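Take a look at the structure set out below.
The values are calculated or read from the model by the stated rules, or taken from the named source; none is laboratory data. For clarity, every value in this text was computed on a predicted model and none was experimentally measured. Glycine also receives a Cβ, built like all others from the backbone with ideal geometry; neighbour counts cover every protein chain displayed.
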Amino acid sequence: MDVILQAFALVATGNVIVTIIAASMFGLFVGAVPGLTATMATALLVPLTFFMEPVAAVGAIVACSAMAIFAGDIPGALLRIPGTPASAAYVEDTYKLTQKGQAELGLGACVLFSALGGLFGTIVLIFAAPSLAEFAVKFSSPEYFWIALLGLTCAVFMGASSPAKGLLSLFIGLTIASVGLNNPAGVPRLTFGSTEMMAGIDFIPVMIGIFAISEVLRTVLSGGEGWQQAPEAVGNIFRDWGGMLRTYWKQLLRGNITGTAVGILPGAGSDVAAYVSYAISRRFSKTPEKYGTGHVEGVVEAGAANNASLSSAWVPALVFGIPGDTMTAIVIGVLYVKGMNPGPTLFIFNPQTIYAVFLIFILANLIMIPLGWALIKFSKNILRVSKAVLMPLILIFCIVGAFASNNAVYGVTIMLIFGVVGYLMEENDFPIAPCVLGIVIGPILEKNLITTLIKSQGNLLDFINRPIAFAIFAIFCLLWLSIIVSWIRAPRRTDEMLRAEPD
Amino acid sequence: MNPGLPDKIINQVLSMRFSDTMLGTVFLLAGISLAWYSFNLPAIPGQNYGAATFPLLIAMGLIGCSARLLYTGIRQGSEPWVFLSDQVRSPRKLAGVAATLLLVLSYIVFVQVIGFIPTAIIITLAMFLILKVRPVKAVILAVLAAILCDFIFRTMLLVPLPFGIVPRLPW
């Protein structure tokens, strides 16, 4: 109890509250602008968090990411352009509702069920993380090795249309992670004589490059043309809440559970949660034919799922230091900077900060309702801002942010290189998530691999002769088995997709 | 379910795609050079495993996946090495991208000499003009953005943004 009171004291300062509200508004704005993703919002926020207190810094990221995922629903509903990939699963339904003149029904569902999903995921986080941490204290290097490998496998196969490209993306990330002195022998590796690279490749400029600069380049290539439709006015979004809660409480619960489960899986993010949950909803619905024609049932379930996954993705991130998606990958970077090194010991030595973060999760999902309402009221004005005006501002902000990460132009160079790399990767269907997770998980994987190898003098059986390690290894094998089975069942599907693409 | 889809809904029009053969070749060469590089890393005395183990495993993975890409690429027959959509071929737009990259490069080279505010104004202004924002609006926004960034990062967050030729601003 004492700890929870301390956590309250940490959160209830003017500084933290103002930061959270400001970060929420930033997240809402970035999420609502089509083409700017929630991950980009988080990456742009990070340079600012260097200068905040730990709780304010993490709170800003929590609030910003939750708001951005919800705000992505708004341009989806009004213009049929999902603001973030996580909203793409049900964009047909919300847009058709708007066309039928029922925009308030669709958007009302988005606000309410995003908040409820987020709260459910948070509750799971609050209860699952500390108990998992008690268990994780017993882990040694082989267990961490298998968990890291499990996370990377999920990341590669959850999002990739071509497994080879997903794996290559992962290997790019792992290679980036290998740069510098931070390796078992402590020798300069892949530094090519550069002193700056000895510290490794800074994660923050890489994120800014991959997620923001690549988008700037894409806008320049498209000539800055954007959406020119004027969205319609939206009525009272609260009107149908009671009815929807009564009719769709089962869908809400199922969406919450699906989203939370997908979120906890390392490597699968909120977009995957939304797709899986929409598919499940349709499969069990009494009226599957209505899906995609302006039916709110799938929106309820998938809208709850993507926000639930966002909170539960923090479970593996906080307990093992293994990120659940690209956003928590960035969070882990921030936690290290703030001296809150993720891992089970965080719950033993710093419980009040962790509980403060949990409180902020609850707070963020509650203020989502009034702020979301305000955003929907103002959406007409926000959606009129053109990309041609936004992108130069984002570019200069990126440059300063990358510079601030270590107060040298080295950061800007890294950002530029990875902006180009990120652009080329997306153009060629290389998924970004495996690369990002590779950069974060790479050092954990290497450290635990080499430690185990040296401890066991090369005896590979030592990787699986502890009970927990063996259990994780068994899950890992089952996962690979299911992947291989799905390859044998549908060997031609990806080839056909690739061939159909160039038109 | 296809989680790879959403990005494509947003950016359908643009394309700069390399053929699988080309990508396979590039990654194969990268894998081989990484393996060669790792072989030359010093070992931990008395241990079989050290700095080279992990990159060697990565290199093996790179080589394996590029072989897979080369296989599909060669089976698809003679595709062009790189496919550019019409939009990417337009000289104006390519020049825009080149200019963007050069602008960031110029920041890296000149910011110490000229200082943050002038460099930032030049970069944002040039970007606005590339994206065809009206000049008056562009100038006002560029100046405001530079001053705002300077205020947030240098004054509030104490990032040592270089002054260059500009005297220290009063705030």
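Brief remarks on what is shown
Results for (1) more than 9 Å from chain B (Cβ to nearest Cβ); (2) part of a helix (DSSP H, G or I), shown as yes or no for each residue.
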| position | (1), (2) |
| --- | --- |
| A:Ile439 | yes, yes |
| A:Ile454 | no, yes |
| A:Asn465 | yes, no |
| A:Ile468 | yes, yes |
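This table checks each residue for (1) in a helix (DSSP H, G or I); (2) of a type in the set (Lys, Arg); (3) at pLDDT 85 or above.
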position: A:Val216; (1), (2), (3): yes, no, yes
position: A:Glu232; (1), (2), (3): no, no, no
position: A:Ile237; (1), (2), (3): no, no, no
position: A:Asp271; (1), (2), (3): yes, no, no
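- Among (1) surrounded by 24 or more Cβ atoms within 10 Å (Cβ to Cβ); (2) at the interface with chain B (Cβ under 9 Å from one of its Cβ atoms), the one test that A:Ala155 misses: (2)
Yes/no matrix, rows are residues, columns are (1) among the polar types (S, T, N, Q); (2) within 10 Å of chain B (Cβ to nearest Cβ):
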{"position": "A:Asn350", "(1), (2)": "yes, no"}
{"position": "A:Ile360", "(1), (2)": "no, no"}
{"position": "A:Lys380", "(1), (2)": "no, no"}
{"position": "A:Met391", "(1), (2)": "no, yes"}
{"position": "A:Ala402", "(1), (2)": "no, yes"}
{"position": "A:Phe418", "(1), (2)": "no, no"}
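- The listed residue being surrounded by fewer than 21 Cβ atoms within 10 Å (Cβ to Cβ) and without any contact (Cβ under 8 Å) to a residue 12 or more places away in the chain, out of A:Ile21, A:Ile4, A:Ile17: A:Ile17
- Residue match in region A:136-148 (condition: touching a residue at least 40 places away in the same chain (Cβ under 8 Å) and in contact with a Leu (Cβ under 7 Å, 6 or more places away or on another chain)): yes
- Candidates in region A:58-90 are the residues that are without any contact (Cβ under 8 Å) to a residue 40 or more places away in the chain and crowded, with 24+ Cβ neighbours inside 10 Å; of these, the one that is nearest to the other protein chains (Cβ to nearest Cβ) is A:Gly76.
- Matching helices (runs of 4 or more DSSP H) fully within region A:1-99 where at least 2 residues are more than 23 Å from A:Leu393 (Cβ to Cβ) and modelled with pLDDT of 85 or more: A:2-11, A:14-32, A:54-71, A:73-79, A:91-99
- Residues located in region B:56-78, provided they are surrounded by fewer than 23 Cβ atoms within 10 Å (Cβ to Cβ) and under 13 Å from A:Glu446 (Cβ atoms): B:Leu56, B:Leu57
- Taking region A:174-208 as the range and being assigned to a helix (DSSP H, G or I) and within 10 Å of chain B (Cβ to nearest Cβ) as the test, the residues that pass are A:Leu174, A:Thr175, A:Ala177, A:Ser178.
- Check on A:Leu424, free of Cβ contacts under 8 Å to residues at least 24 places away in the same chain, within 27 Å of the chain's Cα centre (by Cα) and either more than 12 Å from every other protein chain (Cβ to nearest Cβ) or within 27 Å of A:Leu152 (Cα to Cα) (or both): yes
- Considering B:Ile165, B:Ile152, B:Ile147, the condition of being in contact (Cβ under 8 Å) with a residue 24 or more places away in the chain, over 23 Å from the mean Cα position of the chain (by Cα) and in a helix (DSSP H, G or I) is satisfied by B:Ile147 alone.
- Applying a threshold of 6 Å to beta carbon distances and a minimum spacing of six or more residues, or different chains, the list of pairs starting in region B:59-87 at a residue that is farther than 15 Å from A:Ala164 by Cα and ending at one that is buried (at least 16 other Cβ atoms within 10 Å of the Cβ) and among the hydrophobic types (A, V, I, L, M, F, W, C) reads B:Trp81/B:Met22; B:Val82/B:Phe18; B:Leu84/B:Met16; B:Gln87/B:Leu14.
- Of all the listed residues (B:Ile123, B:Ile140, B:Ile117), the sole one being more than 9 Å from every other protein chain (Cβ to nearest Cβ), buried (at least 18 other Cβ atoms within 10 Å of the Cβ) and in a helix (DSSP H, G or I) is B:Ile117.
- With respect to the conditions (1) outside any helix (DSSP H, G or I); (2) more than 14 Å from chain B (Cβ to nearest Cβ); (3) among the small types (Gly, Ala, Ser), A:Ala261 falls short on a single one, namely (1).
- Counting only residues that are under 21 Å from A:Phe139 (Cα atoms), in contact (Cβ under 8 Å) with a residue 60 or more places away in the chain and not in a helix (DSSP H, G or I), region A:314-358 holds 7 of them.
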